[in-house]
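Here is the structure we will look at.
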Amino acid sequence: MNIQNESNIKRFRKRKWNEITDKDNIPICDKVHSELNWKIIKYENLNLSYCSTFLSSCDSQRFFTELEKEVKYLSGDLAKVRVYGKWHNLPRQQAAYGDIGLTYKFSGFTIPALSWTSTVLELKTRLEELIPYKFNFCLINRYRNGTDSIGEHRDDEKELDNETPIASISLGQHRDFVFRHKDCRSKNLTRKIEPYKILLENGSVLLMNPPTNTYWYHSLPVRKKLPGIRINLTYRRIVSK
Ligand SMILES: O=C(O)CCC(=O)C(=O)O
Ligand SMILES: [Fe+2]
């Protein structure tokens, strides 16, 4: 993940958002088998599946409480980010879990995955029971309040398996998540493609299906009026290349 500018998300705030609905309700990922109700979003290579009821509110509360006890977030230099040559404190907390030997490259650091906690593993099992993919790595972001955020980026590292979605589980405070097409980032726009905003609710899962991360950047903007803690777990499949 290469976060180019943690603050450029401010530019989005005044915009109006277009909701894109799946008119024909065709699942993007026809391998998703479940009784759950998935919202499918397909638009200019944006390819998302969202389920707001992945976890019951009781389970969500339990997972949140357990993760608060178990997860060890990075500290010191590893909790800093370099933006245009200057070091800043990361505007959130971050931790990496996964199969032994896997690493995560972030802002010039290579962070080894800690071995699975029982809760991070239980959530991985829940996902793997629902969708036909296997995950071996999980990046956890903890947003302490509405001032914490993640800047616009793509998760397009070559180590990520390009056939497996990134599965993003949200717990706690709901927050907006914003997608912006790569062709709409420069000042001299060649094309007009509307950004897409989705509310990530407590207990939900969002699948960022291929090729979303090739074409679209995403961010979690500051929302000062939403003060609660949010924990996000992105399950990924890393392959050696
Ligand atoms: O917090 C989120 O919902 C997403 C975090 C994210 O984009 C990432 O970890 O790459
Ligand atoms: Fe991301």
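The values are calculated or read from the model by the stated rules, or taken from the named source; none is laboratory data. As the structure is a computational prediction, the values presented were derived from the model and not from experiment. The area values use the complete protein model at the heavy-atom level, side chains included, leaving out ligands, DNA and RNA. Shrake-Rupley method; radii C 1.70, N 1.55, O 1.52, S 1.80 Å.
Brief remarks on what is shown
- Residue-normalised accessible area of the range 90-167, given per residue in Å² at a 1.4 Å probe: 39
- For the range 95-241, the fraction of alpha-carbon pairs in successive 5 Å shells from zero, as %: 2, 9, 17, 21, 21, 17, 9, 3, 1, 0
- Most to least accessible of 225, 158, 105 (protein chains only, probe 1.4 Å): 225, 158, 105
- Each Cα pair of the range 56-168 feeds into the Kirkwood radius, which the Stokes-Einstein equation turns, at 10 °C and 1.306 mPa s, into a diffusion coefficient of 102 µm²/s.
- Heavy-atom SASA rank of 126, 62 (probe 1.4 Å, accessible area, largest first): 62, 126
- Relative to the current alpha-carbon distance between residue 65 and residue 186, full extension at 0.36 nm per residue lengthens the span by 39.4 nm.
- Accessible surface comparison of 88, 218, probe 1.4 Å, protein chains only, largest first: the order is 88, 218.
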